[in-house]
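Below is one structure, written out as C-alpha cells; comments come after it.
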Amino acid sequence: MAAIRAEGRYRVFADLRRTCGAFPAAEHYASGSKRPITVWCSNDYLGMGQHPLVLAAMHEALDKAGAGSGGTRNISGTTHYHVELEAELAELHGKEAALLFTSAYIANDATLSTLVRLLPGAAIFSDEKNHASMIAGIRHGGGPKRIWRHNDLADLEAHLSAFDRETPKIIAFESVYSMDGTIAPIEGICDLAERYGALTYLDEVHAVGMYGPRGGGIGERDGMLARVDIVNGTLAKGFGVMGGYIAASRACCDAIRSYAPGFIFTTSLAPAVVAGALASVRHLKASSVERALHQERARTLKRRLAAAGLPVMDNQSHIVPVMVGDPVLCKELTDALLSRFGIYVQPINYPTVPRGTERLRLTPTPQHADGDIDHLVSALLELWSDFGLSAGAGQVAAE
C-alpha cells in the first residue's frame, strides 16, 4: 500500500449520495459533514438511473415480488422479469437469445473462458486495449491467445493468417473504448472474421443505449448486427441500473448457461433491478431524445475545453479525456476540484491506463447544463494556472 500511495495511485472512494431527481447533483460525505457537489464522472451516461419510468417500474416490482430473487437462475431465481428482459435484449441486438449476468464483468469473464473450453484448441485474438474483464476471461480459458494492436486491421490479419483456417478462432474487441473514446472498425473486423473463419465477440458496454436508432450500440449504428456473433452489454451505464448480458444465437446462450460457473452458481439479479432495466431498455428503444442531447453535450464540452486550450483528447465518442500524464498531479487536481469547486471527477491512473497517460475522464450527460460546463471549464483553467500547467495546446489526437 505504501508503494501505491507513493506513486499517487492509491484509490480513495468518494462517499456520495446522489440526489434523486436532480442528477448530476449529489452529496459528498467527509469528516462528519456533507456538502453538495456536481458529478462529472458517472457512467450513468444518460441519467436513466433516475428516470421516472425506471423508478416507477422498480417500485412496482418491489411491491409485487419483494426484494431478492430467491436463488440462482436454475433454482427459483428466474422470474418473469428476467425472461422479459432477455427477450428485449435479444431483439435489441437482432439475436435469437440473450443471457443475464450480475455484471458485464462476469458476463465477459464467464463467456470467454467457457467458449475456449467448449471449442478445443480455440485461439482468441484480443485488441490490446480490451477491458480487464475480457482479459480475465481469456486468461481463465487457458487457450492460445494473440494480442493485436489497437484497432489495427493489418496487425489483426497478420495474427489470423498465422493459424490454420480449421483452428477455431474468436476475435474479441470493444465498440467504444472507455478511456480513450476510440471506436472499433467493426465492418473491417467482420470482413477479416469471415475471411479467416473466426467468431466475433463484441463488447458494447460503453455504447448500448447511447448509439444506434434504438440504442443497440455501435453495431446497430453501423449496420453490423447480423455480422457480429456475440454481443456483451451492460445494464449499468447507458441503461442506468445494474447487471450485464450477452446476446447471441440460441445455441450459444444455451451452452454458456449450461457450462459457465459464473452464471450457474450465482444468485440472479433482484426482480426490482431487472424491472428497472427492462423499463429503461424499452424506453430507449423508442426514444432518441436522450441520445441526441447526450451527443450534443459531449461535443459542446469538447469544444469548450479545446477552445480554452486544455488538453482534451480528440475522439468520435462521448468520452472526454483530459490528459495530465502524472499520477500524483492527477490526484491533486481531482482533490482540488472537489474541495475547492464542488466538482467530483475521479483520477484515472495505472493500471486502468498505461503509466504516463494519467487523465481526468469526464462524462457529460443530458442533465449537465451550460452553467455546469461553464463552472467546470473555469475551475480547470484556474487549477491549470495554479499548478503551473500550460494551457493552449487544445485537443490532442487519440492514440
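Counting other Cβ atoms within 10 Å of each Cβ, which chymotrypsin sites (Phe, Trp or Tyr not before Pro) in the range 291-387 have at most 15 and sit in a DSSP loop? Each step should come with its number before you reach the end.
Working: sites: PHE341, TYR344, TRP384, PHE387; in loops: PHE387.
Those that pass, being in a loop and sparsely packed, are PHE387.
Please list, by residue number, every one of the trypsin sites (Lys or Arg not before Pro) in the range 113-182 that is coil in DSSP and has at most 13 other beta-carbon atoms within 10 Å.
Details: sites: ARG117, LYS129, ARG139, LYS145, ARG146, ARG149, ARG165, LYS169; in loops: LYS129, ARG149, ARG165.
Of the trypsin sites (Lys or Arg not before Pro), the ones in loops of the range 113-182 whose Cβ has at most 13 other Cβ atoms within 10 Å are ARG165.
Might you work out the accessible area of GLU128 for me, using a 1.4 Å probe with all protein chains in place, and round it to the nearest 10 Å²?
Accessible surface of GLU128 is approximately 100 Å².
Which value in Å is the Kirkwood Rh of the range 217-261 over different Cα pairs?
11.9
Shape call for the range 116-204 from the C-alpha gyration tensor, a ≥ b ≥ c root eigenvalues: rounded (a/c under 1.5), prolate (a/b greater than b/c) or oblate?
Values: a/c = 1.91, a/b = 1.21, b/c = 1.57.
Oblate, since a/c reaches 1.5 and b/c is not below a/b.
Taking H placed 1.01 Å from N in the peptide plane, check which residues at least 5 places from PHE125 or on another chain put their amide H under 5 Å from its amide H.
Here ARG146, ILE170, ILE171, ALA172 satisfy the definition.
Per-residue HN-Hα couplings for the range 364-376, Karplus 6.51 cos²θ - 1.76 cosθ + 1.60 at θ = phi - 60°, whole Hz, x for Gly and Pro?
Karplus-based 3J(HN,Hα) across the range 364-376 equals x, 10, x, 8, 6, 7, 4, x, 5, 5, 4, 5, 5 Hz.
Suppose we keep just the alpha-carbon trace of the chain; what are its Rg and Dmax in angstrom?
Here Rg and the maximum Cα pair distance are 21.3, 63 Å.
Would you rank VAL241, VAL208 by solvent-accessible area, highest first, keeping every protein chain in place and using a 1.4 Å probe? Could you put the intermediate results ahead of the total?
On the way: VAL241 30, VAL208 0 Å².
Sorted by accessible area, descending: VAL241, VAL208.
Amide H neighbours of MET210 under 5 Å, at least 5 residues apart or on other chains, H built in the peptide plane: list them.
Sorted by chain and number, the residues that satisfy this are GLY217.
Ignoring everything except DSSP H segments at least 4 long, calculate the 222 nm mean residue ellipticity for the chain; use -39,500 (n - 2.57) per segment, divide by total residues, nearest 500.
Details: 14 runs with 161 residues, N = 399.
-12500 deg cm²/dmol, from helical runs alone.
For a quick check: with amide H placed at 1.01 Å from N, whose amide H comes under 5 Å from ASP203's, ignoring anything fewer than 5 positions away on the same chain?
Distant-sequence amide H within range of ASP203: PHE173, GLU174, SER175, ASN232.
Quick one: 3J(HN,Hα) in Hz for the range 217-229, Karplus 6.51/-1.76/1.60 with θ = phi - 60°, rounded, Gly and Pro as x.
So the J values, rounded to whole Hz, are x, 5, x, 5, 4, 8, x, 10, 3, 6, 9, 8, 7.
Under the rule a/c < 1.5 gives rounded, and otherwise a/b versus b/c splits prolate from oblate, where does the range 1-144 land using the Cα gyration tensor?
Oblate is the answer for the range 1-144, as a/c is 1.5 or above yet b/c matches or exceeds a/b.
Using the heavy atoms of the protein chains and a 1.4 angstrom probe, tell me the accessible area per residue for the chain in square angstrom. Let's see the in-between values first.
Numbers: 16390 Å² over 399 residues.
Each residue of the chain exposes 41 Å² on average to a 1.4 Å probe.
Over the Cα atoms of the range 265-305, compute the convex hull volume and normalise it per residue, giving Å³.
Values: hull volume 4.5 nm³, N = 41.
For the range 265-305, the hull spanned by Cα atoms encloses 109 Å³ per residue.
Can you list the lysines whose alpha carbon sits under 16 Å from that of LYS95, skipping same-chain ones fewer than 8 residues off?
By straight Cα distance, LYS95 reaches LYS285.
Using a 1.4 angstrom probe on the protein heavy atoms only, could you order ASP63, ASP127, ASP370, ASP191 from most to least accessible area? Spell out each step's value before the answer.
On the way: ASP63 130, ASP127 5, ASP370 90, ASP191 60 Å².
Result of the area sort, largest leading: ASP63, ASP370, ASP191, ASP127.
Please identify the trypsin sites (Lys or Arg not before Pro) of the range 282-387 that satisfy two criteria: DSSP loop assignment and at most 15 other Cβ atoms within 10 Å. Which are they? Walk me through the intermediate numbers first.
Details: sites: ARG282, LYS285, ARG291, ARG297, ARG299, LYS302, ARG303, ARG304, LYS331, ARG340, ARG355, ARG359, ARG361; in loops: ARG355.
Those satisfying the criteria are ARG355.
Can you tell me which of 248-255, 65-72 comes out highest on packing, and rank the rest after it, using the mean Cβ neighbours within 10 Å? It would help to have the intermediate numbers written out before the result.
Details: 248-255: 17.0, 65-72: 14.8.
Result, highest mean Cβ count within 10 Å first: 248-255, 65-72.
Please work out whether the range 148-282 counts as rounded, prolate or oblate from its C-alpha gyration tensor, where a ≥ b ≥ c are the square roots of the eigenvalues and a/c under 1.5 means rounded, while otherwise a/b larger than b/c means prolate and anything else oblate?
Working: a/c = 2.26, a/b = 1.45, b/c = 1.56.
Since a/c reaches 1.5 but b/c is at least a/b, the shape of the range 148-282 is classed as oblate.
With only alpha-carbon atoms counted, please give the Rg and Dmax of the range 247-375, in Å.
Rg then Dmax for the range 247-375, in Å: 19.8, 55.
Considering only GLY70, VAL281, LEU301, whose Cα is most displaced toward the positive end of the charge dipole of the chain, charges sitting on Cβ of Lys, Arg (+1) and Asp, Glu (-1)?
My answer, from the dipole projection, is GLY70.
The values are calculated or read from the model by the stated rules, or taken from the named source; none is laboratory data. What you see is a predicted model, and the numbers here were worked out from it, not measured in a lab. In this analysis, Cβ positions are derived from the backbone assuming ideal geometry, glycine residues included, and neighbour counts consider all displayed protein chains. Ligands, DNA and RNA are stripped out before the accessible areas are found, and what is left, the full protein with its side chains, is counted by its heavy atoms. Shrake-Rupley method; radii C 1.70, N 1.55, O 1.52, S 1.80 Å.
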